[in-house]
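Chemist: Below: one structure in structure tokens.
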Amino acid sequence: MRKTLLITVIVLLTISGLVFAQQKKIYNDGEIDFVPMSAKFVLDAQDDESSLKEIQYSVDGGAIKMYKGPISFSTEGRHVIAYRAIDQTGNISNETFYSCIVDATSPVISVSANGPAYVLEDKAYLTSKTSIILSAEDDLSGLSAIYVSLDGGNYIRYTGAAFITGEGVHSGKAYAMDNIGNKTKTYLVEGIIDNTPPRVSIMPKERLIDMQGSKYTSSTNQFSLSASDATSGVKEILVSIDRGEYFTYVEPFKIQKPGFHSIRVKAVDYLDNVSNVTELTFNVDVSKPKASLQTVIE
């Protein structure tokens with residue numbers, strides 16, 4: 001007498017809807033099967049003599065039932081199916097157990113930046129030196145892969161930190177897949193690459209006087225500094241007087257000490273792009289002119 005009991009896991013196919021057509025599947029980590037919520041379990045039995053009477057089963061240690069159709073689960077986690085077959089003369093097969101873990105949860109994906117980055121009004125500003133790092137975690141069947149698309153291009157498998165070199169507005173999409181085909185929602189991020197430093201200028205309130213290749217001004221002259229940055233914006237203006245240490249510019253100032261002086265200025269934007277140094281050199285003249293009188297007789 002030969003009595004055989006077979007169990008088959010049928011996985012319904014579900015398509016991801018993006019470039020990669022991913023179907024749900026069974027994944028075994030070397031110890032146990034991980035299956036999607038859509039999995040259905042079909043029992044079958046054969047008897048070559050008195051013929052099969054029925055198949056019996058129980059789920060998770062529950063009551064024994066007569067098998068009438070595919071078994072499915074509505075809750076995530078570990079489940080056990082115990083099953084056996086009975087023939088027409090009452091012979092009962094050995095009871096067999098099948099254990100699996102139902103995984104209905106998609107991975108959790110996150111995006112971070114390593115390097116200069118600045119967020120203002122939901123806009124992300126980066127530089128070509130900023131690396132974009134994607135990561136994802138899955139607590140059950142485990143992470144299979146992360147897929148990315150840049151500026152509307154085809155999705156490719158993410159393998160490591162990415163850099164975007166072209167200045168201007170860029171958009172990226174990403175999603176993660178676990179080992180049985182559960183997929184995250186598509187993560188969309190937009191960023192602006194800004195590699196251009198600010199522009200700076202020095203503005204004397206009174207015009208400097210050019211005299212034989214040198215510039216002169218009075219001790220009452222006032223100097224204002226300004227900077228502009230069309231993308232991420234100006235974070236601070238730094239000024240150095242007479243080649244001293246740079247300090248943060250706050251308000252217009254005067255240089256009243258007689259003699260030769262220099263004003264050096266640079267600006268930093270919110271991505272730490274630093275402008276070239278602009279320098280103005282001049283002499284402060286506090287010497288009063290001398291008047292004289294001569295008498296001329298004709």
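The values are calculated or read from the model by the stated rules, or taken from the named source; none is laboratory data. Since the model is a prediction, treat every value here as computed from it, not as a measurement. We place every Cβ from the backbone using ideal geometry, glycine too, and count neighbours over all the protein chains shown. Accessible surface is based on the protein model in full, side chains and every heavy atom, while ligands, DNA and RNA are left aside. Shrake-Rupley method; radii C 1.70, N 1.55, O 1.52, S 1.80 Å.
Chemist: Students often forget the sequence filter, so: which lysines lie under 20 Å Cα-Cα from LYS68 once same-chain residues fewer than 8 apart are removed?
Modeler: LYS3, LYS40, LYS53
Chemist: Another question about this same structure. Please enumerate, by chain and number, the lysines with C-alpha under 23 Å from the C-alpha of LYS173, excluding those fewer than 8 residues away in the same chain.
Modeler: Once the sequence-local lysines are set aside, what remains near LYS173 is LYS24, LYS123, LYS129, LYS183, LYS185.
Chemist: Taking all protein chains as present, what is the carbon and sulfur share of the accessible area of segment 145-298, in % to the nearest whole number, probe 1.4 Å?
Modeler: For segment 145-298, the apolar C and S fraction of the accessible surface comes to 50 percent.
Chemist: Dipole size in debye (nearest 20) for segment 28-159 around its Cα centre, Lys and Arg Cβ +1, Asp and Glu Cβ -1?
Modeler: Taking the Cα centre of segment 28-159 as origin, the dipole is about 400 debye.
Chemist: What is the dipole size for the chain, taken about its Cα centre, with +1 at each Lys and Arg Cβ and -1 at each Asp and Glu Cβ, in debye to the nearest 20? Before the final figure, lay out the partial values.
Modeler: Working: 28 positive and 35 negative charges, 169 e Å.
My answer is approximately 820 debye.
Chemist: Hey, for a label at ILE209 modelled as a point 7 Å past Cα toward Cβ, could you say which residues of segment 272-297 have their backbone N under 12 Å away?
Modeler: Within reach of a label on ILE209: 283-290.
Chemist: Give me the dipole magnitude in Debye, nearest 20, for segment 119-205 about the Cα centre, with unit charges on the beta carbon: positive for Lys and Arg, negative for Asp and Glu.
Modeler: Details: 8 positive and 10 negative charges, 75 e Å.
It comes to approximately 360 debye.
Chemist: Could you give me D for segment 125-207, from Stokes-Einstein at 4 °C and 1.567 mPa s, where the hydrodynamic radius is the Kirkwood radius over C-alpha pairs? Units µm² s⁻¹, please.
Modeler: Diffusion coefficient, whole number: 85 µm²/s.
Chemist: So what's the projected area for the chain, the Cα convex hull averaged over all directions, in nm²?
Modeler: Details: hull surface 105.4 nm².
Its Cα hull, projected and averaged over all orientations, spans 26.4 nm².
Chemist: Additional query: Using only the Cα atoms of segment 258-298, what are the Rg and Dmax in Å?
Modeler: Reported Rg and Dmax, both Å: 22.4, 76.
Chemist: Would you work out the Kirkwood radius for segment 149-276? I mean one over the mean of 1/r across all pairs of different Cα atoms, in Å.
Modeler: About 18.8 Å, per the Kirkwood formula over Cα pairs.
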